[in-house]
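Contents: one structure, followed by commentary.
Readers should treat all values here as calculations from the given coordinates under stated rules, not as data from a laboratory. The model shown is predicted, which means the values in this text are computed figures rather than measured ones. Because the Cβ atoms are built from the backbone with ideal geometry, glycine has one as well, and the counts that use them run over all protein chains shown.
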Amino acid sequence: MRIHSYQIDQHNSTALKSHESSLQFLRDQLAHKSIDAEAIIERLRQFQVAIPSWALGAGGTRFGRFSTGGEPGSLEQKLEDIGLIHALTQSAGAISLHIPWDIPRDAQAIKQQASELGIAFDAMNSNTFQDQKEQSLSYKYGSLCHVNADVRKQAVAHNIEVIRHGIELGSKSTTVWLADGSSFPGQLNFRTALDNTLRSLQEIYAHLPADWKIFIEYKPYEPYFYSTVIQDWGTSFLLANQLGEKAFTLVDLGHHLPNTNIEQIVSTLMYQGKLGGFHFNDSKYGDDDLTVGSIKPYQLYLIFSELVYGMDNNTASNPEPAWMIDASHNLKDPLEDLIQSLEAIRLAYAQALVVDRQGLWDAQLNHDVSMAQEIVQDAFRTDLRPLLREARLRSGAAMEPVRAYRELNVRQQLINERGTVTIATGL
Ligand code: PSV
Ligand code: MN
């Protein structure tokens, strides 16, 4: 299925009048605060977030999985789905591939399809947390950290293979997330496990092309419950520093213990030029992989405020992070869920862009705690959605993408084309 621009135009024409008046109202509000709405609209238009190849089908829990119907059964169909999201939002212009779930059979053909849809190849992802059929040694007791050198070698070789696939597609980065850890005290020698991991990563790093980056993702627990080798940002940061200037930490919002101050972690990593990648999702308790902004939108905004501060106070060695949605869709239509996530990300970004930075700095210098709070909350409480709509309108996207998705009957058409029992690869 393809969405055509005349269908988008038709959708937009119905909402245009009320949009124009709400945009004008907001423009005036912002002008009163000396904020240039145009500059924000432009930054929103540029902001693209990668969609992971494993998030286009129904996810599941360890208790069950309920199919959505019309799920993509191949990499080509996954690209088609991202093409639909991108046509509706013009903000999902990249895909992040997980290997071996999505090995391209014909890299050139996949590249061609992606470029026709306006989709770039973002970070690659390796998988040494599952055993594959043809694999000789098991990752049951770890991969890059394993006590057996042959298992480590196999896991290193897989990561090098992932980089090779990425080179073919034009990607420029790879993400390493390890399940490696233990479920019981005494199971693992912490120091040896970390040392083995560092040495394995060094071997992978040696195969990284000059213009590539490697992102090291941390997670405090799950799938194992007592320890994780790369448990927190500090451990990831340590490894990234040991590896070199092409290595960075990746923050996944779901990979923190409850109430962790993630915005402060972001600030510290950006200060050191070591925030390389970012995975968006939302959660109530653990790595719940829920729709971005569905549970803690204020926290998302506070995080974005630090991201924007970090990007605007950038140095050459502190690049803009690679953005990706890393969520799982158990109840909602995955495509609707992803569109909602994109909307929440862009809204938080817009809110962070209207923070009165000078006023905040003055309040901080004067220890004016109440005024600092007023300024921070004012940006969050201003309804900036007309800016998002305007950015979409100018980019040729739908002003109300979820509504357009329903008007165009996308899911039913996908079911008609692909059937009800297809299953997408992934978790
Ligand atoms: C692990 O929880 C994670 O966040 C990593 O990014 C994986 O690659 C992804 O989810 C998919 O399993
Ligand atoms: Mn992740």
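Please list, or write none, the aspartates and glutamates whose alpha carbon is within less than 17 Å of the alpha carbon of Lys78, excluding same-chain residues fewer than 8 places away.
Once the sequence-local aspartates and glutamates are set aside, what remains near Lys78 is Asp102, Asp106, Glu116, Asp122, Asp326, Asp333, Glu336, Asp337, Glu417.
In terms of Cα to Cα distance under 14 Å, which aspartates and glutamates are near enough to Lys133, apart from those fewer than 8 places away along the same chain?
Leaving aside aspartates and glutamates fewer than 8 places away in the same chain, none come within reach of Lys133.
Which length gain, in nm to one decimal place, applies between Asp288 and Glu76 when the Cα-Cα distance is subtracted from 0.36 nm times their residue separation? Intermediate values should be presented prior to the final figure.
Values: separation 212, 0.36 × 212 = 76.32 nm, distance 2.79 nm.
So the chain would gain 73.5 nm between Asp288 and Glu76.
Across the stretch 295-307, in residue order, what do the Karplus-derived ³J(HN,Hα) couplings come to in whole Hz, using 6.51 cos²θ - 1.76 cosθ + 1.60 with θ = phi - 60° and x for Gly and Pro?
10, 10, x, 5, 4, 4, 5, 4, 5, 5, 4, 6, 4
Using alpha-carbon pairs under 8 Å, 6+ residues apart, how would you state the relative contact order of the chain in percent?
Working: 761 pairs, mean separation 98.8, N = 427.
Averaging sequence separation for qualifying contacts and normalising by length gives 23 percent for the chain.
Set the Förster distance to 35 Å, then compute FRET efficiency between Asp211 and Tyr141 from the Cβ-Cβ distance, nearest 0.05. Can you show the working numbers first?
Values: r = 35 Å, r/R0 = 1.01.
Plugging the Cβ-Cβ distance into 1/(1 + (r/R0)^6) gives 0.50.
Which of the listed residues, His255, Tyr224, Phe278, is farthest toward the dipole's positive end in the stretch 212-287, when Lys, Arg count +1 and Asp, Glu count -1 at the beta-carbon?
Phe278
Determine, for Tyr285, Tyr226, Tyr301, the number of other Cβ atoms within 10 Å of each Cβ, and report the residues in order from fewest to most.
On the way: Tyr285 8, Tyr226 13, Tyr301 23.
Fewest-to-most Cβ neighbours within 10 Å comes out as Tyr285, Tyr226, Tyr301.
Length gain on complete extension for the stretch Phe190 to Asp106, per 0.36 nm per residue less the alpha carbon to alpha carbon distance? List each step's numbers first, then the result.
On the way: separation 84, 0.36 × 84 = 30.24 nm, distance 4.16 nm.
Answer, rounded to one decimal: 26.1 nm.
Over the chain, with a Gaussian network built from C-alpha contacts below 10 Å, which listed residue (Ser67, Ser21, Ser96) shows the highest mean-square fluctuation?
Judging by the Gaussian network model, the answer is Ser21.
Using a 10 Å cut-off on Cβ atoms, rank the peptides 248-254, 355-361 from the highest mean neighbour count down.
On the way: 248-254: 24.4, 355-361: 15.9.
Ranked from most to least packed, the peptides come out as 248-254, 355-361.
Within straight cross-link reach of Lys284, meaning Cα distance under 15 Å, which aspartates and glutamates are found once same-chain residues fewer than 8 apart are removed?
Asp252
With +1 on the Cβ of every Lys and Arg and -1 on the Cβ of every Asp and Glu, and nothing else charged, how large is the dipole of the stretch 155-294 about its Cα centre, in debye rounded to the nearest 20?
Details: 9 positive and 16 negative charges, 70 e Å.
Around 340 debye, computed over the stretch 155-294.
For Thr61 and Lys153, what is the calculated FRET efficiency with R₀ set at 30 Å and r taken between the beta-carbons, to the nearest 0.05?
On the way: r = 34 Å, r/R0 = 1.13.
Using R0 = 30 Å, I get an efficiency of 0.35.
Just from its helices, what would the mean residue ellipticity at 222 nm be for the chain, if runs of 4 or more DSSP H residues each count -39500 (n - 2.57) and the sum is divided by every residue, rounded to the nearest 500 deg cm²/dmol?
On the way: 15 runs with 208 residues, N = 427.
Computed mean residue ellipticity for the chain: -15500 deg cm²/dmol.
Tell me which residues come under 5 Å, amide H to amide H, from Asp232 once H is placed; ignore anything under 5 positions away on its chain.
Lys219
Tell me, what is a quarter of the convex hull surface for the C-alpha atoms of the chain, in nm² with one decimal? Can you show the working numbers first?
Values: hull surface 85.2 nm².
Approximately 21.3 nm², given one-decimal rounding.
Rounding to the nearest 20 debye, state how big the charge dipole of the stretch 45-334 is about its Cα centre with +1 on each Lys and Arg Cβ and -1 on each Asp and Glu Cβ. Display every interim value, and only then the final one.
Working: 21 positive and 32 negative charges, 89 e Å.
Dipole of the stretch 45-334, to the nearest 20 debye: 420 debye.
Assuming R0 = 41 Å, can you tell me the calculated FRET efficiency for the pair Ile160 and Asn416, based on Cβ-Cβ distance, to the nearest 0.05? Let's see the in-between values first.
Working: r = 42 Å, r/R0 = 1.01.
Using R0 = 41 Å, I get an efficiency of 0.50.
Once you keep just the Cα pairs under 8 angstrom separated by 6 or more residues, what percentage relative contact order results for the stretch 83-174?
Details: 107 pairs, mean separation 28.1, N = 92.
Relative contact order comes out at 31 percent.
Among 23-31, 210-218, 374-382, 171-179, how do they line up from the highest to the lowest mean number of other beta-carbon atoms within 10 Å? Don't jump to the answer; show the numbers that get you there.
Numbers: 23-31: 14.8, 210-218: 19.6, 374-382: 16.3, 171-179: 22.2.
Ranked by mean Cβ neighbours within 10 Å, highest first: 171-179, 210-218, 374-382, 23-31.
Taking 28 Å as the cut-off for C-alpha to C-alpha distance, list the pairs among Lys111/Lys153; Lys17/Lys111; Lys213/Lys296; Lys172/Lys274 that go past it.
Working: Lys111/Lys153 30 Å; Lys17/Lys111 39 Å; Lys213/Lys296 30 Å; Lys172/Lys274 16 Å.
Distance filter (> 28 Å) returns Lys111/Lys153; Lys17/Lys111; Lys213/Lys296.
Please work out the C-alpha center-to-center distance from the stretch 351-427 to the stretch 272-340 and express it in whole Å.
Distance between centres, Cα-based: 11 Å.
Using a 10 angstrom cutoff on alpha carbons, build the Gaussian network for the chain and name the most mobile of Ile41, Ile95, Ile230.
Looking only at Ile41, Ile95, Ile230, the biggest GNM fluctuation is shown by Ile41.
Counting only residues 5 or more places away or on other chains, whose amide H sits under 5 Å from the amide H of Lys213 once H atoms are built in the peptide plane?
Sorted by chain and number, the residues that satisfy this are Ser173, Thr174.
Work from the charge dipole of the chain (Cβ charges, +1 for Lys and Arg, -1 for Asp and Glu, about the Cα centre) and give the residue of Gln24, Ala398, Leu194 farthest towards its positive end.
The listed residue farthest towards the positive side: Leu194.
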